[in-house]
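Enquirer: This is the structure, below, for whatever I ask next.
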Amino acid sequence: MTISHHREHPSSETDTASAAARAIEPERAVGKGVTATITALVLSAMIMILNETVLSVALPNLMVEFDVTATTAQWLTTGFLLTMAVVIPTTGFLLQRFTTRRLFVWALLLFIAGTVLAAVAPSFAVLLAARVIQASGTAIILPVLMTTTLTMVPVAYRGTVMGLNAIVISVAPAIGPTLSGLILNSLSWRWVFGLMIPVAAIVFLVGVIAIRTTGETRKAPLDAVSVVLSAVAFGGIVYALSSIGELIHGAWIPLITLVVGAATLAVFIARQRTLQKTGSVLLDLRPFAVHNFRISVAMLMLLMGTLLGTVMVIPIFLQNGRGISVLTIGLLLLPGGLVQGIISPVIGRLYDKIGPRPLVIPGAFILAAGQWWLSTVTTGTPLGLVIAMHVVFCIGFGMLMTPLMTTALGALPRELYGHGSAIMNTLQQLGGAAGTAVLIAAMTIGTTTAAASGVAAEASVVAGTEKAFFVGGILGLATILCSFFVRRLPDEAPAHQEPLEATERVDA
């Protein structure tokens, strides 16, 4: 599906038409076909992203059933992130080579196959393989969603639609523990996957019917060396970051892997710069030349780091430090996730009217305030106050996610949308892995130090939690610093000032 835009010179007739266009809802402005396509992609991406954190509160059950250690069980999350980091860099090529419809079909089939395998997994190794298959589908669908939004939605309504996309990126990981907590309260962990299968199947059928695209692809060459370099570089870095806590116990493999991954990344970058001249690049790095892309992506890495780190630390604090049940933990995290879901579309509409800076700067302050407030928790902190701390953090996060995604990708020329989306999503996975590793490592160090000094077990966990969110507060300060460098896009105009004249052509 393609959309062409043309602007008319001001006149009384066009003023009237513009007023009418501005008055209608964004869904009508972008066209029913586009709305159906994006809706199918949003629903599928939300189901898939839930899987990043859906097992966080189920790990104890899995450790018992498969007789594995906590470090081994954590690979069900680490493996998911690792696969995402390996596959996403190739999506710049995939978006050129295949249509949106075909990529959607393959992504959903991979995810459904992985989910079915996870639900019946007879061993831990099979369950881990299932998670890898799930993540492969997820890695494809995210860049497809972002690129489709940029190419099909008029600029005047881009923020609004990105607000819906932000629900997928930010809210789904936040409500993952809530969902699994509710399921585990009365069913086995297998139902966490079993209940997703019919939902994913329905979304697949809806998408196959709704997504109609043209055959606008090109036979882009695939550089196999770049694929290998990308897998080693990004996979190695994510593995090292996810395992960095092992350094505390004297393991050097994560550090060696980080060095190898970083060195391979340098080779990968050099090769991409060379291939750019021949048009056979796997991941075009030109988006980094754009100021708003660089600064927004840096902030998105900090955001995903604090989000996933927070989602991991709070359940540990509540379960081990306060003795709260899994179900209650899930319910305590729910308000924050709901708040993000409610404000993300609102922030998107505000973005269309006022641009990024009036949202990003206060959002960064609120996010940091939430992290610093969480660092004050004690064994006697009322649970209602813990919920309030988490909600404040989620409000700040919600105010940042939509403007930053829209500003980062909207600053790029059309031909770089696919590569920009691949870069952004890859670095978000790196940021998420780094943030989780750093906060968990800080928590472990704080807990170990407190326990060594004779502090009771629960109190030592609380001490570790304070250290973790102290680090989160520092990440929040870095986010504040970056927020002042976000600029309004030069060609960006508020929705109430910009006339929308669009014609839509749909080819099956």
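Enquirer: Given 0.36 nm per residue, what is the gain on full extension from T379 to S188 after removing their alpha carbon distance, in nm?
Expert: Between T379 and S188, full extension yields 65.7 nm more.
Enquirer: Going 7 Å from the Cα of A451 along its beta-carbon direction, which residues of the range 73-111 have the amide nitrogen within less than 15 Å of the resulting point?
Expert: Those under the cut-off are none; the list is empty.
Enquirer: To continue, here is another question. So how much slack lies between E458 and A262, counting 0.36 nm per residue of separation and subtracting their Cα-Cα distance, in nm?
Expert: Working it through step by step, the gained length comes to 66.8 nm.
Enquirer: Could you rank the peptides 426-437, 313-324 by their average count of other C-beta atoms within 10 Å per residue, with the highest value first?
Expert: In decreasing order of mean packing, 426-437, 313-324 become 426-437, 313-324.
Enquirer: Say each of D67 and W252 gets a label point 7 Å from the Cα, pointing the same way as Cα to Cβ; how far apart are those two points in nm?
Expert: Taking the two extended label points, one gets 3.3 nm.
Enquirer: Let me ask something else. With just the Cα atoms defining each centre, how far is the range 261-282 from the range 100-142? Give it in Å.
Expert: One Cα centre to the other: 29 Å.
Enquirer: Right, something else. Applying a 10 Å radius around every beta-carbon, put 369-379, 335-345 in order of their mean neighbour count, most first.
Expert: 335-345, 369-379
Just so you know, all these numbers are worked out from the coordinates, no wet-lab data involved. Source: prediction; values computed, not measured. Cβ sites come from the backbone with ideal geometry, for glycine too, and all protein chains shown count toward neighbours.
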